[in-house]
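Colleague: Once you've had a glance at the structure underneath, I'll fire off some questions.
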């Protein structure tokens, strides 16, 4: 048992007229140490047999106080911390943060920097989706995709490593642009990766997309309607799978996204299978974006003129990007000093996780696992 | 005793019904039965009952009734006892382990059972001569076929127990329906 | 040599039937050792095969190509602390794995590896097998209950419901095969395992091809139900690690946990043996009726030796492909020794096949015959074992309600239908 | 861009926080048009004029103030108008997606907290921030009935700042343990500070640092 | 050791029968009572099979199969009643199940 004391799960369940067979109504504690909760999520499940009557998420086991740290670090010093939130998509976090501060300072990164950012962020999106696919499939019981996706994700991490020296928490971008010029052969590597990974995506799909068991396990499981999704603030592939064609890369383009031609894949039913299809389609769209970006990457500086000491003017800004998990927003209040007066992160996983309860009611325990997987949460981001 | 029967027995299979196996199996059966009625924990009782059932199945084998032994294992040990364990788990309430094991009328019940036992003892002592010393042999290898013939008949002729067998299947159907209706929350 | 040793050798019935306790005991020991070795080998093969399905190498460090890994695992499990949770029911917790193990191993008494290569030939053989293998569920239920913990309890309830449900479809599929044994002049069927294979021999067809596609459907039903019976993927609800951590054996550790594993693998081999016996002609070699000239017999009797020979060849190729670094010296030697061992066995088998090719009653001929029977039986079972691994690598896991739905609403009606149609066709044909 | 006169209502951050460092660049920035991105002074907020603002200003008058900063619009609303404005924004103006709810602490101000709602409208593809000021210890109506997503967001604000939301279905700590004392994102809560007692009791160690 | 006669089996069956009766009459737990009934039925089965052996025909064995069927039906219905009862009264003790309706 964890030291946290809120065991009295406040589950607003319909009260029964009679005291019921107590062994049939079960409160199960899933996590924080559980193979399927993707980290240290703890879900208290109230079950009737195997049917879920209600859930309560207990989070915060990975709370590191990122927002408090931000108030005590300079803008530059805080940059690496954002990588530790969604550690699966560290590049996206860094992009959002750098762009938010740039916007606050009213500077703009040079075109070449923007292109490098797009390439790396999209590569990171593919890596994030691959990791999601592997773990999600493992949750549903298919072991093999995990190894396939990790094999291919490795190629992305190799590119990251060659570019900035780090594989996971990359800290690839700086406020005002990029720290590093692309290494010699970067474009070739990326192009090689593109031609390498496209058949691999087909490989995953061969294993899963028409697999009967996969269909049975994911179709009509964890359905969330578009209206519910919007009301619950769900974003990213989860929202798009419900049929809302909304992607910040199109709706409010940032970086260089307005220059690329890509589509927003959407689903129709809002079930786990649609979310799977949407993410697979997103991987392909990302490949398209990367291809365009790497072919059209302009020459020029990679760093805007920013002062050594970053001191944004007094004011506040909200900037958000389309992270692999959804809308990742930074709300920064500056008092004109070198440190943010207040920095708020709008974490997509945190808000998406809230939809879990709506999605799993009336389903079975096995579906809870599938739905947690399909939400694609990273506890580092949920707890911050 | 008919001598012809004896010779049939002797010329048949090798004797499996050695006294050692008989005493071992019947000892297991009786000890298991004792444990069934004395254990506080219902799961322990169930396990003891399984031991008894398997021992009785062994006794059936010794009595050249392999089909009945197979049915005993497959139906009792594999089916009914799993059902019992299932139900014990469903109604597993903690307090039952702290309460009295026996009901308030247990002396009366025990007395009645003892009277029954006395009856049995007297019957066996008095009627000892009724039972032949040697048992007849049954053809083991065609046991299943013969039972099947009695149950279903053969070649266009109805068996002796076909009707009873149909009734038994009806009974089972009714039991299934009854159990489903009884246990379902909402019908 | 004492008479009781020699007395059985000339006989063509099982030691149980011949009433020969000595040979029965020897057979029991051989089968026990053989199954244990098979489980160990299966452990290694599963890990290696699964690894290669999943683009990785699998165990490579303990022994050449991880050949000694199962032994290292076994040693580790034996030395590992055996934890009994404080709130568990001590006695039941202790006895549960033994029930499963006992059930899994008792089945082997009636499995016919050959016409006389079985411990006993019960005339209710198949009934006995179904009954005893259904006892395995007791071990699981009781283990889940005794752990006194939620996940094991749910796992136990799931797997008991699952096994009881699939037993029904399984039993009906088996009955349709048993029905096929009675398609002879006298119309006498049999429940004896050996009798079933002999019926296939007499009718000159494996029951999987009999009344095509009826036998095939029954076989497919059985091979689906047997995966569910043994709690393997994609029906491994009971130990679905992503949902119930480890299901009924969550609280088990060390030796007791390994007993569960042993029981699971032994049960896998056992149900595969049933399938092989009922539908795939048991110990019969392929085309036994088509190609029945003595020359063909001789060619087919070379197969065991050739199989071991090719295994030895593979191992030798492995030796040559090992890195030349001195670090691998011991591994190379070890693999070479292993290959040599396999090669020796291959030569021995070939020698026996050549010496014993005359169909007389000499010891070598009988030995050759016995090796053939066991070889074909084990080969067929091995195919099933490989399929088990393949399924596990390919498929996601079914959900519990879907599994029950398949069991009750798909397999049960189909198997009933197959049974009825088989009976009708049988009556029409005879 | 700020080529007009200085907006009547100065942006809240400098108002609440009377830091010299903050005051000086803001004052210096006002007359100069900040054309250069690298200039130390950024743009200043300008009044935000749109039909939406006009409509609500005529309805609520002085309780409402609308501004634009760097192209991002925000409404500064009196605390008493909060539930009405939020509901109207959702129902009439199609701000159907509540992006975030958060707060900022200004310990030196009389009304210590700014509470913010960041809203987005899918049909209009437009963001707006709604901002209000409340005093320490005061509570604010919950917006869970308006947007269900506010549930956890408000819990987090409560957890981090101690701002109470009236009518919230389950207002309790979310990221920190239930028995924790203190609200860490307040400015008076040091970065190394922790609930020593809780750590000792629950984790069995002297200090978590 | 002496040869095993029918009487030996009958004695075993009688012992099991009496044990079952004791269980039925004295235990409180309904599940155990039902198990005791299974004991009684088994004792009867054993008698029947022993007699079948004694007379050299199979009627006893057929009857014992019918009794097994009966036992299965009884277990299913009995346990079904038990579950329905437990759901309403939260008890599985015979001496607390003393109302005809609840």
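The values are calculated or read from the model by the stated rules, or taken from the named source; none is laboratory data. None of these values were measured; they are calculated from a predicted model. Heads up, the Cβs are rebuilt from the backbone with ideal geometry, glycines too, and the neighbour counts pull from every protein chain shown.
Colleague: Listed residues B:148, B:113; which is at pLDDT 80 or above and in contact with a strand residue (DSSP E or B) (Cβ under 9 Å, 6 or more places away or on another chain)?
Modeller: Step by step, each of B:148, B:113 is checked, and only B:148 is at pLDDT 80 or above and in contact with a strand residue (DSSP E or B) (Cβ under 9 Å, 6 or more places away or on another chain).
Colleague: Criterion first (facing chain B (nearest Cβ under 7 Å) and part of a loop (DSSP other than H, G, I, E, B)) does residue E:83 satisfy it?
Modeller: no
Colleague: Would you point out which residue out of D:70, D:64 is at pLDDT below 80 and more than 14 Å from chain A (Cβ to nearest Cβ)?
Modeller: Step by step, each of D:70, D:64 is checked, and only D:64 is at pLDDT below 80 and more than 14 Å from chain A (Cβ to nearest Cβ).
Colleague: Check C:168, C:137, C:220 and return the single one that is surrounded by fewer than 22 Cβ atoms within 10 Å (Cβ to Cβ) and free of Cβ contacts under 8 Å to residues at least 40 places away in the same chain.
Modeller: Of the residues listed, the single one that is surrounded by fewer than 22 Cβ atoms within 10 Å (Cβ to Cβ) and free of Cβ contacts under 8 Å to residues at least 40 places away in the same chain is C:220.
Colleague: Suppose we filter region A:311-327 for residues that are within 22 Å of residue D:68 (Cα to Cα) and more than 11 Å from chain D (Cβ to nearest Cβ); how many remain?
Modeller: 1
Colleague: Further question: Counting only residues that are within 14 Å of residue B:48 (Cα to Cα) and at the interface with chain C (Cβ under 8 Å from one of its Cβ atoms), which one in region B:72-87 is nearest to the chain's Cα centre (by Cα)?
Modeller: Out of the qualifying residues, it is B:77.
Colleague: Just need a number here: residues in region C:352-384 that are touching a residue at least 60 places away in the same chain (Cβ under 8 Å), assigned to a helix (DSSP H, G or I) and out of contact with any helix residue (DSSP H, G or I) (no Cβ under 6 Å at 6 or more places or on another chain).
Modeller: 10
Colleague: Just to check your reading of the model, which residue among A:161, A:187, A:154, A:181 is surrounded by fewer than 19 Cβ atoms within 10 Å (Cβ to Cβ) and outside any helix (DSSP H, G or I)?
Modeller: Sole residue among the options that is surrounded by fewer than 19 Cβ atoms within 10 Å (Cβ to Cβ) and outside any helix (DSSP H, G or I): A:181.
Colleague: Assigned to a helix (DSSP H, G or I), without any contact (Cβ under 8 Å) to a residue 40 or more places away in the chain and either in contact with a helix residue (DSSP H, G or I) (Cβ under 7 Å, 6 or more places away or on another chain) or surrounded by 24 or more Cβ atoms within 10 Å (Cβ to Cβ) (or both): does that describe residue A:367?
Modeller: no
Colleague: With the condition kept exactly as written, say whether any residue in region A:245-256 is more than 22 Å from residue A:193 (Cβ to Cβ), within 12 Å of another protein chain (Cβ to nearest Cβ), touching a helix residue (DSSP H, G or I) at 6+ places or on another chain (Cβ under 6 Å) and buried (at least 24 other Cβ atoms within 10 Å of the Cβ).
Modeller: No, because not a single residue in region A:245-256 is more than 22 Å from residue A:193 (Cβ to Cβ), within 12 Å of another protein chain (Cβ to nearest Cβ), touching a helix residue (DSSP H, G or I) at 6+ places or on another chain (Cβ under 6 Å) and buried (at least 24 other Cβ atoms within 10 Å of the Cβ).
Colleague: Mind checking which residues of region E:22-77 are over 30 Å from residue B:177 (Cβ atoms) and within 12 Å of the chain's Cα centre (by Cα)?
Modeller: E:22, E:46 - these are the residues of region E:22-77 that are over 30 Å from residue B:177 (Cβ atoms) and within 12 Å of the chain's Cα centre (by Cα).
Colleague: Quick check on region E:20-27. Is at least one of its residues in contact (Cβ under 8 Å) with a residue 40 or more places away in the chain and either more than 7 Å from chain B (Cβ to nearest Cβ) or touching a helix residue (DSSP H, G or I) at 6+ places or on another chain (Cβ under 9 Å) (or both)?
Modeller: The answer is yes, given that some residue of region E:20-27 is in contact (Cβ under 8 Å) with a residue 40 or more places away in the chain and either more than 7 Å from chain B (Cβ to nearest Cβ) or touching a helix residue (DSSP H, G or I) at 6+ places or on another chain (Cβ under 9 Å) (or both).
Colleague: Which ones in region D:99-134 are closer than 19 Å to residue D:160 by Cα, facing another protein chain (nearest Cβ under 10 Å) and either out of contact with any strand residue (DSSP E or B) (no Cβ under 8 Å at 6 or more places or on another chain) or not in a loop (DSSP other than H, G, I, E, B) (or both)?
Modeller: Within region D:99-134, D:99, D:100, D:101, D:102, D:103, D:104, D:105, D:114, D:116, D:118, D:131 meet the criteria.
Colleague: To continue, here is another question. Among what's in region C:213-235 and is in a loop (DSSP other than H, G, I, E, B) and modelled with pLDDT of 80 or more, pick the residue that is farthest from the other protein chains (Cβ to nearest Cβ).
Modeller: Looking at the filtered set, the residue picked out is C:213.
Colleague: Which count do you get for residues in region A:230-250 that are part of a loop (DSSP other than H, G, I, E, B) and free of Cβ contacts under 8 Å to residues at least 40 places away in the same chain?
Modeller: Qualifying residue count for the region: 5.
Colleague: Here's a follow-up. With respect to residue C:345, is the statement that it is within 25 Å of the chain's Cα centre (by Cα), within 14 Å of another protein chain (Cβ to nearest Cβ) and in a helix (DSSP H, G or I) true?
Modeller: When the stated conditions are applied, residue C:345 does not pass them.
Colleague: Can you go through A:291, A:216, A:282 and tell me which one is in contact with a helix residue (DSSP H, G or I) (Cβ under 9 Å, 6 or more places away or on another chain), within 14 Å of another protein chain (Cβ to nearest Cβ) and assigned to a helix (DSSP H, G or I)?
Modeller: A:216
Colleague: Which of the following residues is over 30 Å from residue C:373 (Cβ atoms) and at pLDDT 85 or above: C:175, C:168?
Modeller: The conditions single out C:168.
Colleague: Now for a different question. Which residue is farthest from residue C:66 (Cα to Cα), if the candidates are limited to region C:320-340 and must be touching a residue at least 24 places away in the same chain (Cβ under 8 Å) and not in a loop (DSSP other than H, G, I, E, B)?
Modeller: Across region C:320-340, the extreme among qualifying residues is C:340.
Colleague: Now, a different point. Test residue D:148 against the stated conditions and say whether it is within 12 Å of chain A (Cβ to nearest Cβ), surrounded by 14 or more Cβ atoms within 10 Å (Cβ to Cβ) and within 16 Å of residue D:83 (Cβ to Cβ).
Modeller: It is true that residue D:148 is within 12 Å of chain A (Cβ to nearest Cβ), surrounded by 14 or more Cβ atoms within 10 Å (Cβ to Cβ) and within 16 Å of residue D:83 (Cβ to Cβ).
Colleague: Of these, C:62, C:95, C:107, which one is surrounded by fewer than 19 Cβ atoms within 10 Å (Cβ to Cβ), assigned to a helix (DSSP H, G or I) and at negative phi?
Modeller: Testing whether each residue is surrounded by fewer than 19 Cβ atoms within 10 Å (Cβ to Cβ), assigned to a helix (DSSP H, G or I) and at negative phi leaves just C:95.
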